[in-house]
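Asks: Below you'll find the structure I mean.
Bear in mind that the values in this text are calculations on the coordinates, not laboratory data. This structure is a prediction, so every number in the text was calculated from the model and none was measured. Reconstructed Cβ throughout: ideal geometry from the backbone, glycine too, with neighbour counts over all protein chains shown.
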Amino acid sequence: MTAKALMQFIVEPLKPLRNFTFTKLYFSQIASLLGDSFTWLGLALLTYEINPKNSAAVLASALTLRVSAYIFFSPFAGVMSEKIERKKILITTQCARMIIVCMLPFITKEWQIYGLIFALNVFAAFFTPTYRAIIPQIVEKTIYREANGLSMATFQLLSVFGPAIAGIAAVWLGAKQIFLVNGCLLLIAIIPLLLIPAASLQKGMIMSNKSSKTTGSEIIKSIKLLFGNRIIRFALSIEFISAIAGAMVLVNSVGLVKTSLKLDDTHYGWIMSAFGLGAALSAFLLGSLDKSKTRSISLISGALIIGLSISIANFVPYQGLILLWILAGIGQTLADMPSETLIGENIHPEDQGKVYGAHFAFSHLWWAIAYPIVGMIGIHFPERDFLYGGLLTLGVALVTIIIFQSFGKKNYQS
């Protein structure tokens, strides 16, 4: 590969930034995601301050409430994004989140944590599907996959480096003050949204006649559209497989590093950073690598890569684990990211908002199902947890691939 070709390969994923509307949304996303890192690190410190003996249980409950808010409210959010001006949804939800995080430094009781965290993520459940539904409408079809990839790569990178930045800020400012930093970051995130004309965010949308349809019927329609398209249904099935493997990494890596390998927190941090960097790298390049209609190569290879990577994790030294976790991160992005792109490419623009909402709910439901499964594997098979988790991942992947290949040889559309 020549230097010019290599440079073009690297620069191609950045093409969406030529679209000024997308660029404003993108920088708003950066500020918002960085702020989220401050909130969750601050929450961990705050729960320990309020109840040192029960901080883990409080934090776990808060995270459960977070997922629950996504599962129950995202379908409603998707429908609302087609009935209410999208700019209003984005700005209102960001303002509400800013107010809530600025209230967190002043709480003193566990129930206050639960209430505010649930409310915070209800608004996040309305913001995210709306944001994702806008992207395929504002960028050209030729660069939509790159736009989606850039957005997801940023999410992965900030999930790695965001907590580190927040940790440094906590040392200088204190645990409670970093919530106010998030408030400032959310305010910064609102500014680019204010600069975008409302009409630019309404492309592909027809607001009339929406009021004649009930919210319940629209939610049912969104689920039918999500599972009714064979291409998207296969992608969603692979996402469930990826959730099992990803949950293994998130839940059981700490035991693998600190108990089995007898290493410290620093080594654990590097391991998880390797996972995040692998995911970010593949998200950045995926749009340029797989341009097929069904993305089946990406989906299948992703499920197999992450399944194989975790299957041998119990049998390698620390250096080998770093390499495996980079591969696992790559595999998870290959398995997860295509579904959002496929919705933008296969669902009519008028229905994309509700379908993104349904997808956001079901993708988090998969994780809610996967967490207890991998937790039980870790409890009952501590020395072989990743082996059995990997075999489960690969087994479900093979069954899924066989089923879809058997019933879909002629076409991918139901």
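Asks: Estimate the FRET efficiency between Gln319 and Leu195 by the formula 1/(1 + (r/R0)^6), using the beta-carbon distance for r and 51 Å for R0, to the nearest 0.05.
Replies: 0.60
Asks: I would also like to ask the following. Could you sort the peptides 360-372, 238-250, 114-126 by per-residue average Cβ neighbour count (10 Å cutoff), highest mean leading?
Replies: Result, highest mean Cβ count within 10 Å first: 238-250, 114-126, 360-372.
Asks: Here's something else I'd like to know. Ignoring solvent entirely, what values of log10 I(q)/I(0) come out of the Debye formula for segment 103-255 at 0.12, 0.14, 0.18 Å⁻¹ when each Cα is a single scatterer?
Replies: -0.86, -1.17, -1.55
Asks: I've got another one for you. Taking the highest mean first, how do the peptides 158-171, 330-343, 86-99 order by number of other beta carbon atoms within 10 angstrom per residue?
Replies: So the peptides 158-171, 330-343, 86-99, ranked by packing, come out 330-343, 86-99, 158-171.
Asks: What is the local net charge at Ala280, summed over the other residues whose Cβ is closer than 15 Å to its Cβ (Lys, Arg +1; Asp, Glu -1)?
Replies: -2
Asks: Where Lys and Arg each count +1 and Asp and Glu each count -1, what net charge lies around Val257 among other residues with Cβ under 12 Å from its Cβ?
Replies: That works out to 0.
Asks: Then there is this: Using R₀ = 41 Å, calculate the FRET efficiency as 1/(1 + (r/R₀)^6) where r is the Cβ-Cβ separation of Gln112 and Thr142; round to 0.05.
Replies: Once rounded, the FRET efficiency stands at 0.25.
Asks: By how many nm would the segment from Cys102 to Thr259 grow when fully extended, if each residue of separation counts as 0.36 nm and the alpha-carbon distance is taken off?
Replies: The Cys102-Thr259 span can extend by a further 52.7 nm.
Asks: Using 1/(1 + (r/R0)^6) with R0 = 41 angstrom and r between the beta carbons of Phe72 and Cys184, what's the FRET efficiency to the nearest 0.05?
Replies: The formula returns an efficiency of 0.85 here.
Asks: Now for a separate question. Using 0.36 nm per residue, how much length does the chain from Leu63 to Tyr48 gain when fully extended, once their Cα-Cα distance is taken away?
Replies: Full extension from Leu63 to Tyr48 adds 3.9 nm.
Asks: Oh, and also: Using label points projected 7 Å from each Cα along Cα→Cβ, tell me how many nm separate Leu250 and Leu14, to one decimal.
Replies: 3.1
Asks: In nanometres, what is the gap between the two model label sites at Arg384 and Thr266, each 7 Å from Cα along Cα-to-Cβ?
Replies: 3.5
Asks: Only counting other Cβ atoms within 10 Å, I'd like Asp265, Asp36 sorted with the fewest neighbours first.
Replies: Going from sparsest to densest Cβ surroundings: Asp265, Asp36.
Asks: Now, a different point. With a cut-off of at most 14 other beta carbons within 10 Å, and DSSP calling the residue loop, which trypsin sites (Lys or Arg not before Pro) in segment 222-280 qualify? Please list them.
Replies: Taking segment 222-280 and a limit of 14 other Cβ atoms within 10 Å, the loop trypsin sites (Lys or Arg not before Pro) found are Lys262.
Asks: Distance in nm between label sites at Leu391 and Trp172, each 7 Å beyond Cα in the beta-carbon direction?
Replies: 5.1
Asks: Okay, moving on. Just report the Cα centroid separation between segment 343-390 and segment 81-151, whole Å.
Replies: Value for the Cα centre distance between the two parts: 20 Å.
Asks: What is the extension gain from Cys95 to Ala368, computed as 0.36 nm multiplied by their sequence separation minus the C-alpha to C-alpha distance, in nm to one decimal?
Replies: Contour length minus Cα-Cα distance gives 95.5 nm.
Asks: Something else about it: Please report, ordered by residue number, every helix of the chain (full DSSP H runs) that is 15 Å or longer along its axis going by C-alpha atoms and whose mean Kyte-Doolittle hydropathy reaches 1.6.
Replies: 177-194, 296-311, 385-407
Asks: So what's the net charge close to Tyr48: Lys and Arg +1, Asp and Glu -1, counting the other residues with Cβ under 14 Å from its Cβ?
Replies: 0
Asks: Would you mind classifying segment 12-203 by shape? Square roots of the alpha carbon gyration tensor eigenvalues, ordered a ≥ b ≥ c; an a/c under 1.5 is rounded, otherwise it is prolate if a/b is larger than b/c and oblate if not.
Replies: It comes out prolate by the Cα gyration axes.
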